[in-house]
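Participant: Just dropping this structure here.
The values are calculated or read from the model by the stated rules, or taken from the named source; none is laboratory data. What you are looking at is a predicted structure, and each value in this text was computed from that prediction instead of being measured. Cβ sites come from the backbone with ideal geometry, for glycine too, and all protein chains shown count toward neighbours.
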Amino acid sequence: MPQVQGARAEFIAGIRAFMPTSMSILPFGIVCGAAAVSAGMDALQAAAMSILIFAGSAQIAASQLYANSAPWLVILATGVIINLRFLMYAASLSQHFGRLARRQQALIAYLLTDQAFAVTSVHASGRSDPRHLHWFYLGFGAATWLCWQTATVAGIVLGNLVPANWSIDFIVPLTFIAMLVPLLTDLALICAAIAGGLAAVFLVLPLKLNLIVAALLGISVGLFVERQVRRRG
Amino acid sequence: MIVGLGSATFLIRYWPITFLGRGELPGWLKRALRYVPAAVMAAIITPPLFFIGSTPTIAFDLPRGAAAALAAVVAWRTRSALPTLVLGMLALWTLQALSS
């Protein structure tokens, strides 16, 4: 007998789905808060980053660039490139959420994270009620938001207390490894990742411009391999 | 700076949801966007494995690199974040303790 999930049930399901993810979001948020403070921002600015930007990798990159007195245009461009993947997620989610009221779409947009996209996409392909999918997403997003802000504040307050040789900042690449590896489902994606990863290291450019160029290189390699594969097969 | 980046990020997330319900992205852009997460995430992962400190000397940090490689294998096998993080950190601490 099919179960009809009400809006509230979906919302709670979303919150529950977030629980395992919180294990990676919490340390990530702490690192972000600590990074902002050690880059020279005050507590209010660091907290504002998490509220206004709500994107960990961009926040960390922005903090590091800020510490190096990078021009704000570079910070903006770097942040945009790092967050460009949200464009792809949003485009994919528009097939589910494209018809909602503007205000709900805005809230959905604000809460978009890698995990929210991935988990919601999986949930959508399951047996959930499509009419209430956005409630699942919002539950997940709300839990994420609370967790993130709490973690950021903890990072702001505690950041300086954790000794550097504990290497807690290693959590950031680990979090992304955990997200990246399951994505690499074909050769073109693997090549894109390898190209992007290598380029980011070997392009010794100032002010993290290497990240922008590395991303573009990775995308180009991905497209190139895709075309080669299509020609052969 | 924060407001600017916040607004830009919001627009990146908001615009496709509202406007792509109807129109379509050009084909080349759609194909290119597919590789953005892979390329960008890889580009975020690798620098912390190399540069120790702020001088860009390309020195491979062996404990971090090895721990990251192990984490990648764990991620591939388990597809789950928690074991990846836990085993990755444990590997790092172990290797750092061994090499000091």
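Participant: Please determine, by comparing only the residues of the range A:41-63 that are among the polar types (S, T, N, Q) and surrounded by 20 or more Cβ atoms within 10 Å (Cβ to Cβ), which one is modelled with the lowest pLDDT. Quick ask: steps written out before the conclusion?
Facilitator: Going through the range A:41-63, the residues among the polar types (S, T, N, Q) turn out to be A:45, A:50, A:57, A:59, A:63.
Going one step further and asking which of them are surrounded by 20 or more Cβ atoms within 10 Å (Cβ to Cβ), we end up with A:50, A:57, A:59, A:63.
Numbers: A:SER50: 88, A:SER57: 84, A:GLN59: 89, A:SER63: 87.
Per the stated criteria, the residue is A:SER57.
Participant: Tell me which residues, restricted to the range A:34-46, are in contact (Cβ under 8 Å) with a residue 24 or more places away in the chain and more than 10 Å from every other protein chain (Cβ to nearest Cβ). Step through it out loud before you land on a result.
Facilitator: Of all residues in the range A:34-46, those in contact (Cβ under 8 Å) with a residue 24 or more places away in the chain come to A:34-41, A:43, A:46.
Answer for the range A:34-46, where residues must be in contact (Cβ under 8 Å) with a residue 24 or more places away in the chain and more than 10 Å from every other protein chain (Cβ to nearest Cβ): A:ALA34, A:ALA35, A:VAL37, A:SER38, A:ALA39, A:GLY40, A:ALA43.
Participant: So how many residues does the range B:61-100 have that are hydroxyl-bearing (Ser, Thr, Tyr), in a loop (DSSP other than H, G, I, E, B) and under 18 Å from the mean Cα position of the chain (by Cα)? If you could, list the steps in order and put the result at the bottom.
Facilitator: Just the residues of the range B:61-100 that are hydroxyl-bearing (Ser, Thr, Tyr), to begin with: B:78, B:80, B:84, B:94, B:99-100.
Narrowing the set further to residues that are in a loop (DSSP other than H, G, I, E, B) leaves B:80, B:100.
Then keep just the ones that are under 18 Å from the mean Cα position of the chain (by Cα); that gives B:80.
Adding up the residues that qualify gives 1.
Participant: Out of the residues in the range A:194-228 that are over 23 Å from the mean Cα position of the chain (by Cα), at pLDDT 85 or above and among the hydrophobic types (A, V, I, L, M, F, W, C), which is farthest from A:LEU183 (Cα to Cα)?
Facilitator: Checked the range A:194-228; the qualifying residue farthest from A:LEU183 (Cα to Cα) is A:PHE224.
Participant: Search the range A:129-174 for residues being of a type outside the set (Ser, Thr, Tyr) and not in a helix (DSSP H, G or I), and hand back the single one that is farthest from B:ILE44 (Cα to Cα).
Facilitator: Within the range A:129-174, the subset of a type outside the set (Ser, Thr, Tyr) is A:129-136, A:138-143, A:145-149, A:151, A:153-166, A:168-174.
So of that shortlist, the ones also not in a helix (DSSP H, G or I) come out as A:129, A:162-163.
Values: A:ASP129: 36, A:VAL162: 23, A:PRO163: 23 Å.
Out of the qualifying residues, it is A:ASP129.
Participant: If you check A:MET88 against the conditions, is it at the interface with chain B (Cβ under 7 Å from one of its Cβ atoms), assigned to a helix (DSSP H, G or I) and within 15 Å of A:GLY155 (Cβ to Cβ)?
Facilitator: Details: at the interface with chain B (Cβ under 7 Å from one of its Cβ atoms): yes; assigned to a helix (DSSP H, G or I): yes; within 15 Å of A:GLY155 (Cβ to Cβ): no.
When the stated conditions are applied, A:MET88 does not pass them.
Participant: Could you list, in sequence order, the residues of the range A:91-102 that are in a helix (DSSP H, G or I) and either of a type in the set (Lys, Arg) or more than 7 Å from chain B (Cβ to nearest Cβ) (or both)?
Facilitator: Selection gives A:SER92, A:GLN95, A:HIS96, A:ARG102.
Participant: Can you pull out the residues in the range A:152-175 that are within 14 Å of another protein chain (Cβ to nearest Cβ) and at pLDDT 90 or above?
Facilitator: Within the range A:152-175, A:THR152 is the sole residue that qualifies.
Participant: Just to be sure I understand the filter: pairs with C-beta atoms under 7 Å, separated by 6 or more residues or on different chains, first member in the range B:66-93 and more than 7 Å from chain A (Cβ to nearest Cβ), second member β-branched (Val, Ile, Thr). Which pairs pass?
Facilitator: What qualifies is B:VAL74/B:THR84; B:THR78/B:THR84; B:PRO83/B:VAL74; B:LEU87/B:VAL74.
Participant: Considering only residues of the range A:176-190 that are more than 7 Å from chain B (Cβ to nearest Cβ) and not hydrophobic (A, V, I, L, M, F, W, C), which is surrounded by the most Cβ atoms within 10 Å (Cβ to Cβ)?
Facilitator: A:ASP186
Participant: On the given criteria, is A:ALA77 at the interface with another protein chain (Cβ under 8 Å from one of its Cβ atoms) and over 13 Å from the mean Cα position of the chain (by Cα)? Don't jump to the end; show me each part of the working.
Facilitator: Numbers: at the interface with another protein chain (Cβ under 8 Å from one of its Cβ atoms): no; over 13 Å from the mean Cα position of the chain (by Cα): yes.
In short, no.
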